[in-house]
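Enquirer: Have a look at this one.
The values are calculated or read from the model by the stated rules, or taken from the named source; none is laboratory data. Every value quoted in this text rests on a predicted model; they were computed, and no experiment measured them. No Cβ is skipped: glycine too gets one built from the backbone with ideal geometry, and neighbour counts run over all protein chains shown. Each accessible area value is taken on the protein alone, full model and side chains, heavy atoms only, with ligands, DNA and RNA left out. Shrake-Rupley method; radii C 1.70, N 1.55, O 1.52, S 1.80 Å.
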Amino acid sequence: MSTGVYHSPMEVAVYQLHNFSISFFSSLLGGDVVSVKLDNSASGASVVAIDNKIEQAMDLVKNHLMYAVREEVEVLKEQIKELLEKNSQLERENSLLKTLASPEQLEKFQSRLPSEVLHPQEQSPGAAPPAQHSGGSAV
């Protein structure tokens, strides 16, 4: 490319940006490279046309990115749903085991746990204390 045909550095920059943008976006999308040539009589209309094409290409990329992000959000929502269900199931199992365990078994188990598991409210202020269950009857 010869920069001698352009009147200002701005025209050179617009030309280079246009060629890069169209080539880059076309290669991303698998299309043919569209070439637009500016001549010595580059008017404001040609600059506007180039700006419009760049804007269209950027909008296309934005739409593709938004679609990909939406898909990822749906996948993450599903994972969160599954994890919440699993957590709920484990909490029910834990509650059942606590009610079925004798006080001696609970005490023995709790003595083997680290203190941060037994007293989580000390580490995270504002957290609700764990639910206390009665000793229950052993089966």
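Enquirer: Among the residues of the range 80-90, is any modelled with pLDDT of 95 or more, open to solvent by less than 100 Å² (accessible area, probe 1.4 Å) and under 18 Å from the mean Cα position of the chain (by Cα)?
Expert: Within the range 80-90, one or more residues are modelled with pLDDT of 95 or more, open to solvent by less than 100 Å² (accessible area, probe 1.4 Å) and under 18 Å from the mean Cα position of the chain (by Cα).
Enquirer: While we're looking at this one, here's another question. Looking only at the range 49-102, which residues are touching a helix residue (DSSP H, G or I) at 6+ places or on another chain (Cβ under 9 Å) and aliphatic (A, V, I, L, M)?
Expert: 50, 54, 57, 58, 60, 61, 101, listed by residue number.
Enquirer: Let me ask something else. Could you please let me know if residue 77 is open to solvent by 100 Å² or more (accessible area, probe 1.4 Å) and either among the hydroxyl-bearing types (Ser, Thr, Tyr) or at pLDDT 95 or above (or both)? Can you show your working first?
Expert: Details: open to solvent by 100 Å² or more (accessible area, probe 1.4 Å): yes; either among the hydroxyl-bearing types (Ser, Thr, Tyr) or at pLDDT 95 or above (or both): yes.
Taking the combined requirement at face value, the residue satisfies it.
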